[in-house]
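Below is one structure, written out as structure tokens; comments come after it.
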Amino acid sequence: MDGHPRDFRHWTESRLQADSPPPSTAFPKIQTRATSTLTTMGDDFLDVDWPGGLDLGAATVLTGADRGKYPHGNSLLVRGTRQVALIDPSLTIAERGLSFSVDHVLLSHVHEDHLPGLSQLEDVPVHCHEADAIGLTSLDGLMAMYGMPAAVEEDFRREVVDDFYYAPRTEISTFSDAAIFDLGGVEIEVVHTPGHTKGHCVFVIPQARTAYLGDIDLSGFGPYYFDEWSSLYDFEQSIERCRSIDADHFVTFHHKWVISGRENFLALLDQFANVITNRELSMLEFLKEPRSLDQCAAHRFVYRPHVEMQFVNHVELSSAQIHLDRMVNDGRVIQLNDGNFRAA
Ligand SMILES: [Zn+2]
């Protein structure tokens, strides 16, 4: 990557000048540690103490409750000789607090579950990709990124504030693809991977041989590309881009947690991408008989039938539309005169 390193030193100076206490020092240290088959943090790990945390050298996974199952998630702490950066402060961090101070927060993207810990880090500068900045500076902006129907949005808007501690930031910094953050002997490289949101990024920490994948979460559910700020095409391009990431450890915000070994990562990435392929094959099977858009949505190609959440219908409709559009465009599906769709 050929981006220009950003020196964080000036941030430190401005923070030292500010007459405000360091964030989150009042929280007691939690001594319990979960065991892990990988190396967990040792006593020599500065003063960072996190139950279930995983030390990867310059980077430490701050494992979320339930191993990062939504609404929680796995955050990453990256330490250089001069600065400490925290990536995606989770709901677990919001609830538990931090026993150490942080100089910068970087976000893989702006979604409700990736920023609750900001409530513990009010004076710490926040950085996100320029395309997602709108969601960090206003709640209306964040809602525009989801693009939910009004009935669903009303409840969700409340949830984001009450359960995820959302508060708009007036001052933020933005970055773009190939930016490099220099923490002092340790760097964070930005790889723009849009699709889940327009500004979604993967962060690579070469000195820890670690890549932070955000919501390219490699789960069995597959890629999530159903929001206003999402793009199926971009997501597929981003998955391709991820294949060339050079790292030994791959950290997901949800579900998988830490995948060690590049071959393991590539195999999971294939499975993850195949969810999209299989969805389209299932739709083509269903479309052997003419069906409407609503019938496709009601058949459920994303969620299983037993899932009863308010937003499911919206997601199914959005998914059906995205895939029908694409398959009509490339000739796999024909739209009939009555508006129904049939496999070609
Ligand atoms: Zn997300």
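Going through (1) closer than 26 Å to LEU91 by Cβ; (2) within 16 Å of the ligand (Cβ to nearest atom) one by one, TRP257 falls short only on (2). Checked against (1) of a type in the set (Phe, Trp, Tyr); (2) crowded, with 22+ Cβ neighbours inside 10 Å; (3) away from the ligand (no atom under 16 Å from the Cβ), TYR165 passes all but condition (2). For region 198-278, the strands (runs of 3 or more DSSP E) that sit wholly inside it and include 1 or more residues that are among the small types (Gly, Ala, Ser) and surrounded by fewer than 22 Cβ atoms within 10 Å (Cβ to Cβ) are 258-260.
Among the residues of region 171-186, not a single one is without any contact (Cβ under 8 Å) to a residue 60 or more places away in the chain, buried (at least 16 other Cβ atoms within 10 Å of the Cβ) and within 16 Å of the ligand (Cβ to nearest atom). Is it the case, given these coordinates, that SER292 is over 18 Å from the mean Cα position of the chain (by Cα) and either polar (S, T, N, Q) or closer than 28 Å to GLY331 by Cα (or both)? It is true that SER292 is over 18 Å from the mean Cα position of the chain (by Cα) and either polar (S, T, N, Q) or closer than 28 Å to GLY331 by Cα (or both). In region 87-133, of all residues being closer than 12 Å to PHE253 by Cβ and without any contact (Cβ under 8 Å) to a residue 40 or more places away in the chain, the one that is nearest to the ligand (Cβ to nearest atom) corresponds to LEU107. Pairs meeting the criteria (first residue in region 308-335 and under 20 Å from ASN278 (Cβ atoms), second residue among the acidic types (Asp, Glu) and assigned to a helix (DSSP H, G or I), beta carbons under 7 Å, at least 6 apart or on different chains) are HIS323/GLU280; MET327/GLU280.
Scanning region 244-254 for residues that are of a type in the set (Val, Ile, Thr) and either farther than 18 Å from SER90 by Cβ or out of contact with any Ser or Thr (no Cβ under 9 Å at 6 or more places or on another chain) (or both) yields one hit, ILE245.
For region 213-234, name all the residues that are among the charged types (D, E, K, R) and either over 18 Å from PHE301 (Cα atoms) or at pLDDT below 95 (or both). If the condition is that a residue be among the charged types (D, E, K, R) and either over 18 Å from PHE301 (Cα atoms) or at pLDDT below 95 (or both), then ASP215, ASP217, GLU228, ASP234 are the ones that fit.
The values are calculated or read from the model by the stated rules, or taken from the named source; none is laboratory data. Treat the numbers as computed from the prediction; the structure is a model and nothing was measured. Backbone-built Cβ (ideal geometry, glycine too); neighbour counts: all protein chains shown.
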